[in-house]
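To keep things clear, I will list the structure first and then write my remarks on it.
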C-alpha cells in the first residue's frame, strides 16, 4: 500500500513554468495533490531549452542563454514582486542541470546557461534572505521526459549506434543505473518549498543518480 501524500502546501499558491509536459507537469500535479491554493507562495522556474550548439553560423549559444538565464531571471524577479507578504518563508526555485557541474562537448551554451543559474540563485538568496525568501536550484541528471529522449537520440546518431545502446552507455556513468522520473523531481521540489527545508537557501541540490558527487 502506497504511503499517503502529505498535505503540506495547503493554503499556498504556486506558479510552475513549463508545466504542460514532463517535469513541470509532474511538479504541478504533486503540489496540487499536497493542497496548493490560496496566496502566492512560490515559483518554480522550470521552462527552458536544451540541445547542442556549434561555433559559427547558426550557433544557438545566444538563444540558450537568453531562454535559460535571462528567461529564468525575469520569471524569478516578476514572481518576487507578487509573493504574499511574510512572516514566513516564500520560495524561488530554478531547475538547473548536472551540466552546470560538468562539461559536455558540443553543449557549451547549455552548460554555461545552467551554471549561470546556480550563480543567480546564490546572489538572489543573499539579497532576499532578509525578506524570508528562500532561493534554490535543483540540478538534474538524466530525467525521462522528451528532452532526455532527444538527448539520447542525438548521442546515438553521433555514435552511429542504436538508441538502446546509447541509453546503456549513458547509464554506465550513473551509479544508481537509472534515470530519474519526473515524480522524483516533484518530490524534491515539494520538500524544498516546505517547512521541512526551512533554512535551505542559496543551494544547488543535485539529483543525478550519483553521476556527479560533491
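The values are calculated or read from the model by the stated rules, or taken from the named source; none is laboratory data. Every value quoted in this text rests on a predicted model; they were computed, and no experiment measured them. Using ideal geometry, Cβ is built from the backbone for each residue, glycine included, and neighbour counts are taken over all protein chains shown.
Does residue 152 fit the bill of being assigned by TED's automatic domain parsing to the domain that holds residue 45, more than 17 Å from residue 27 (Cα to Cα) and surrounded by 17 or more Cβ atoms within 10 Å (Cβ to Cβ)?
When the stated conditions are applied, residue 152 does not pass them.
Give me the residue from region 55-100 that is touching a residue at least 60 places away in the same chain (Cβ under 8 Å), in contact with a helix residue (DSSP H, G or I) (Cβ under 8 Å, 6 or more places away or on another chain) and closer than 30 Å to residue 158 by Cα and, out of that set, surrounded by the fewest Cβ atoms within 10 Å (Cβ to Cβ).
Checked region 55-100; the qualifying residue surrounded by the fewest Cβ atoms within 10 Å (Cβ to Cβ) is 100.
Within region 179-202, count every residue that is in contact (Cβ under 8 Å) with a residue 60 or more places away in the chain, part of a helix (DSSP H, G or I) and in contact with a strand residue (DSSP E or B) (Cβ under 8 Å, 6 or more places away or on another chain).
Qualifying residue count, region 179-202: 5.
Filter region 163-178 down to residues that are under 11 Å from residue 142 (Cβ atoms), out of contact with any helix residue (DSSP H, G or I) (no Cβ under 8 Å at 6 or more places or on another chain) and in a loop (DSSP other than H, G, I, E, B) and give me whichever is modelled with the lowest pLDDT.
Among residues in region 163-178 that are under 11 Å from residue 142 (Cβ atoms), out of contact with any helix residue (DSSP H, G or I) (no Cβ under 8 Å at 6 or more places or on another chain) and in a loop (DSSP other than H, G, I, E, B), the one modelled with the lowest pLDDT is 173.
Of everything in region 37-54, what is under 17 Å from residue 97 (Cα atoms) and either outside the structural domain of residue 91 (by TED's automatic domain parsing) or in contact (Cβ under 8 Å) with a residue 24 or more places away in the chain (or both)? Give them in sequence order.
Correct list: 44, 45, 46, 47, 48, 50, 51, 52, 53.
Which one of these does residue 49 not meet: (1) more than 21 Å from residue 150 (Cα to Cα); (2) touching a helix residue (DSSP H, G or I) at 6+ places or on another chain (Cβ under 8 Å)?
Only one criterion in (1) more than 21 Å from residue 150 (Cα to Cα); (2) touching a helix residue (DSSP H, G or I) at 6+ places or on another chain (Cβ under 8 Å) is unmet by residue 49, namely (1).
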